[in-house]
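See structure below.
A short reminder: the numbers here are calculations on the coordinates, not readings from a lab. Since the structure is predicted, the reported quantities are computational estimates derived from the model, not experimental observations.
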Amino acid sequence: MLNRDSLIELNKGKNLLAFSGGVDSSALFYLLLESNIKFDIALVNYGLREQSIKEEGYALELSKRYNLKAYIKKAPKFSSNFEKNARDFRYSFFKRVIKMHKYTNLITAHQLNDQLEWFLMRLTKGAGVSELLGLESISKREDYNLIRPILHISKDELLAYLKQNGYIYYIDSSNINQKYERNYFRVEFANRLIENYRDGIKRSFDYLKEDRDIVLSGYREIFYYKELYIIELKNPKILSRVVDIYLKKLGYLLSSAQRDELKRENSIVFGGVWAVEVSNNKIYISPYIKIVIPKKVKEAYRVAKIPPKVRGYFYKEGLDLTI
């Protein structure tokens, strides 16, 4: 049942599963075991429901039963913007665990319903094909690979698998609270569409990904270092798409207004954090760092045609100009 390309990657690395005890991650837990994939688990307890204690206990019980390491973290209370703050906290925790214990892959249980939710949410905000297909089976991050091996499987299929095998799982009641935007799209649209048109939706995502790959064949990554990317752009029409792809790798999502800005400007700082410069058919993306650069070094950067807004990162990291 697991995605073939994901299995190949998982068999090569050290794996950490983002676990919650819900339908998706519980089904993925057992599918990984059946596929003989070695992994450990990490869980964030938000403490919002009494059931959270049972879910944490379940994670510890499974880790003991199958001789896995379990990393548990209790989240603070978030006074506002819960979805974003919870996600940022969760992935920050995962990243620390990955770095400390040298994992190469983070496995998440995003499935077909999640993929359609994302599609619909981006569709309503204005998006091109690369933004609509924001969830990938394998995504490269700075310090690890993000693996989603069940993007092609619906929630109903995962639930049927759990029930057929008598596996324990928990239902998170907050997933239907429509005060959260994603839940609204889930309850009102995605779940109903998948229930009635699952196979057609699966095929459509496959076709769209093929089309996306053709559209985005007009660029080539020519240099990568930590948080710096230099991309050769062969087709100027896909500039905003390419920048969106790379900023997403760095954990930053462009708005539709920011994508429009890319059509007008060649030198931009997004969110006060990420510098994007377009020069000589190349895209430079790096953290935006304000730093005093010696006059001789600044002149060397000018001669080497290093764009101004990325020079701070070049200087901080001591990068060779021959790149």
List every residue whose amide H lies under 5 Å from the amide H of Tyr219, counting only residues 5 or more places away in sequence or on a different chain, with H placed 1.01 Å from N in the peptide plane.
Lys234
Does anyone have the angle between helix 82-101 and the longest principal axis of the chain? Alpha-carbon axes, 0 to 90°, nearest 10?
80
Please give the helix 51-65 orientation as an angle from the longest Cα principal axis of the chain, in degrees from 0 to 90, rounded to the nearest 10.
90
Could you work out the relative contact order of the chain, using alpha carbon pairs under 8 angstrom and six or more residues apart, expressed as a whole percent?
14
Under Stokes-Einstein, with the Kirkwood radius over Cα pairs standing in for Rh, what whole-number D in µm²/s applies to segment 35-155 at 37 °C and 0.692 mPa s?
202
Centroid-to-centroid separation of segment 217-267 and segment 1-61 [C-alpha atoms, Å]
32
Nearest 10 degrees, 0 to 90: what angle lies between the long axis of helix 239-249 and the longest principal axis of the chain (Cα atoms)?
50
Two-decimal log10 I(q)/I(0) for segment 219-317, as the Debye equation yields it once each C-alpha is a single scatterer, q = 0.24 Å⁻¹
-1.39
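Can you flag which of Lys234/Lys316; Lys140/Lys179; Lys12/Lys69 are past 28 Å Cα-Cα?
Over 28 Å apart, Cα to Cα: Lys234/Lys316; Lys140/Lys179.
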Got the relative contact order for segment 71-159 handy, in percent, Cα pairs under 8 Å and 6 or more residues apart?
31
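What are the equivalent ellipsoid semi-axes of the chain, built from the alpha-carbon gyration tensor (square roots of five times its eigenvalues), in whole angstrom, biggest first? Don't skip to the answer; put the middle values down first.
Working: eigenvalues 280, 107, 72 Å².
Sorted largest first and rounded, they come to 37, 23, 19 Å.
I want the antiparallel fraction of DSSP beta bridges within the chain, as a percent rounded to 5.
Details: 23 of 37 bridges.
Within the chain, antiparallel bridges account for around 60 percent of the total.
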Helix-only [θ]222 nm of the chain, DSSP H runs n ≥ 4, -39500 (n - 2.57) each, per residue, nearest 500:
-14500 deg cm²/dmol
